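Only one structure is covered here, and it is reproduced in the block below.
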Amino acid sequence: MGTTSKSVSKKASGDKPFLRILFIEDVLADAELSVRELEKAGFNVSVDLVQDSKGFLEKLSGNSYDVVLADFNLPQWRGTEALKTLKQQGRDIPFILVTGTLGDELAVDCIKQGAADYVLKDRLARLPVAVRRALEEKALQREQARIEQRLREVVQDLDAIVWEADAETWQFSLVSQRAENILGYPVSQWFTEPNFWLNHIHPDDRERTAALCREASAQGQGHALEYRMVAADGRAVWLADQVRVANEPYGYNRRLHGVMVDITARKHAEEERLRTLSLEAENKALMRADQMKSEFLADMSHEFRTPLNSILGFSELLLETCQNLTGEQQEDLRLIYQSAQNLLHLVNDALDLARIEAGHVKLERDVVPLKDTFARILDVFAPRLQQNNLKGSAEVHPPELAVFADSRRLEQILTNLVGNAVKFTGRGGITLSARPTEAGVEISVADTGVGIPAEELPHIFNKFYQVRKQTESATRGTGLGLAITRQLVELHGGRIWAQSTPGEGTTVSFVLPGEEAAHGTRAKEQGRVASAHRAGG
């Protein structure tokens, strides 16, 4: 049987993907059985069938394919030789072995050589699954490469030094090119000179900065530093260094990830203002500086959300659809997904806080029934409650009780509070309740968890504050959730507080305007419209 070509070239319909296959097989009937399985699975298939290396190279050089299927044993050559040829040609096409027999050791060897999968001929029903998985993996690899390139571009474009270093030795493994513009030293010097960072910190700041960094890193805490470094031309350059501690898997050393921003101009301006401005003017300047930080953080967050969402989407898709992954591959995917999820939560929290503090969050208020809102929140947390053997309940009196609020922001407030309650509750349950008061509607989230020491209660709504005893027994959060919650409550004109007994539980309560506030707002709006008409007349 010479080089042959079978074409099943059908136009791809909206719900049937078009699949171009280069099939290396010397038994036409076997190839037809494979094609039939793919067509049964919903593919529109176009096949070029070859049986020797000459035909393979001819088809490969003149055509584009989505996947290569190959028998392992052929009269004149083997499927692995085709795989080697494919790699030598630089063709990034998924390669799947479709063969009669293949031992485990040989199968593993083929996978190591680059095969996407293998399917036995007596189990061809598995072929569509293997093809879909191989295509999805290839799509994910290409998307990851695109994301990595985009991240590199973003890092290089930032007017800041993005860096990574060992938490123990402070040996750098990543420094962005902007370092040369800011400090004047070649980037290579950061890698090759021992103790580069410590040696080039200004002598007056060196001991304090090193001690703060060591202490925070040892505790696994992110930290913000402001210090001077001596530039290559002898100038003192002020840097704001935002540092995050990353715990590496499999026992590797922890890494420090950071962003250094040149704040020299700001520091010089602050020194000048301290000499010439009153305390009130200085406070305004510091508020503006804080707003600039928030805007910078918001810009950074926007840049990272798109690639993070892509990573989350593709890793979740692989976890849900790829049934033939090894345990190690599944664990790696889960690690990718969870790490990206954690980073996305951090980015979203930081972005929310920055937008609120910058005054960019506008409320879209309406009458919001609390009974329905509580039910949605409990539905969202039902899997976690069940997993932790916790009971979730809601009490709304009277049942028709409603608030005048932004429904999306109200659900964000409740999600933050219930999420915290679930995280720190080992037994019992979570109760959402609401009742009318003279000040409005009081809403509470109560748990039967570990509780909060009295001395720490006044601080729990501060940015980045985390209760020590709680974080010792649970996964650390961003320290922003309750700060965002307080800002959103106050944006509604309400207030928030907490009561707690260590070992018995915590209740966080807040007050929002009741339904009657909607009538007053609408009456004022109608009055403004009427006044405008009279003025126009």
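Each value in this text was obtained by applying a stated rule to the coordinates, not by laboratory testing. Predicted model, so just to flag it, every value in this text is computed and none were measured. Positions of Cβ are generated from backbone atoms using ideal geometry, with glycine treated the same way; all protein chains shown enter the neighbour counts.
Each label point was placed 7 Å from the Cα along the Cα-to-Cβ direction; for residue 187 and residue 490 their separation is 4.1 nm.
Rounded, prolate or oblate: which fits the range 158-273, taking a ≥ b ≥ c as square roots of the Cα gyration tensor eigenvalues, rounded meaning a/c under 1.5, else prolate when a/b beats b/c? Verdict is prolate for the range 158-273. In terms of its C-alpha gyration tensor, the range 18-130 comes out rounded, because the ratio a/c of the largest to the smallest axis stays below 1.5.
DSSP beta bridges confined to the range 365-519 are antiparallel in about 80 percent of cases. Please list, in chain and number order, the residues 5+ apart from residue 429 or on another chain whose amide H is under 5 Å from its amide H, with Hs placed from the backbone. Correct list: 391, 448. Relative to one another, the C-alpha centroids of the range 493-512 and the range 41-77 are positioned 67 Å apart. Shown in residue order for the range 389-395 are the 3J(HN,Hα) couplings computed by the Karplus curve 6.51 cos²θ - 1.76 cosθ + 1.60 at θ = phi - 60°: 6, 10, 9, x, 9, 9, 9 Hz (x for Gly and Pro).
Packing, taken as the mean count of other beta carbons within 10 Å per residue, orders the peptides 126-136, 482-492 from highest to lowest as 482-492, 126-136. Which entries of 267/463; 138/463; 59/112; 59/121 have Cα-Cα distances beyond 30 Å here? From the list (267/463; 138/463; 59/112; 59/121), the Cα-Cα distance tops 30 Å for 138/463.
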